[in-house]
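Worksheet: one structure, shown below.
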Amino acid sequence: MISEIFLVQVKSKVEGFKTHMPIVMTLFNPGMRERHWEQISEIAKIRLRPDDDMSLSRLIEYDLDPSLFPQFEGVSEAAGKEYSLEKALDKMKSEWAPVSALTFRFLSAVYYACHIVKRNVQEDFLLRYIS
């Protein structure tokens, strides 16, 4: 049977983690790019970058001023929106790629057909005036 002390300790750790969730959700946003990290670093006045060493405990060690979090959230929200647009654009490009290839083949066929017609017209023109 799990001891009550263990459960209290786990609950305490979970509650402690929950207080850090806003900063985790903000800074570990998959849409954050280098330019967003530069903005975050400017706001925090320390160099923050996503790397293998970045962790919640590391962020806690930085002792970031909680009054900065709304500014971080603004940057992260913009990054999230940009990320959504990038994903939508990538999806559109992949969906339109076959159409683009088909259009290219069609235009190539039209160009080739026009070239043949032009050549035939030129030949007809020359035959009329030479004979």
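The values are calculated or read from the model by the stated rules, or taken from the named source; none is laboratory data. Please read all numbers here as calculations on a predicted model, not as lab measurements. Note: ideal-geometry Cβ built from the backbone for every residue, glycine included; neighbour counts use all protein chains shown.
Could you give me the residue pairs with C-beta distances under 9 Å whose first residue belongs to the stretch 49-69 and is under 14 Å from residue 26 (Cβ atoms), whose second residue is of a type in the set (Phe, Trp, Tyr) and surrounded by 10 or more Cβ atoms within 10 Å (Cβ to Cβ) wherever it lies, and which are 6+ apart or on separate chains?
Going by the 9 Å Cβ cut-off, the qualifying pairs are 50/28; 50/37; 54/28; 56/17; 56/28; 64/72.
Quick check on this structure: which one of 73, 77 is at pLDDT 90 or above, in contact with a helix residue (DSSP H, G or I) (Cβ under 8 Å, 6 or more places away or on another chain) and closer than 29 Å to residue 14 by Cα? I'd like the intermediate steps shown before the answer.
Details: 77 fails: in contact with a helix residue (DSSP H, G or I) (Cβ under 8 Å, 6 or more places away or on another chain).
The conditions single out 73.
Given (1) surrounded by 13 or more Cβ atoms within 10 Å (Cβ to Cβ); (2) more than 26 Å from residue 18 (Cβ to Cβ); (3) among the hydrophobic types (A, V, I, L, M, F, W, C), identify the lone condition not met by residue 85.
(1)
Would you pick out the residues in the stretch 23-72 that are among the small types (Gly, Ala, Ser) and surrounded by fewer than 10 Cβ atoms within 10 Å (Cβ to Cβ)?
Matches in the stretch 23-72: 57, 67.
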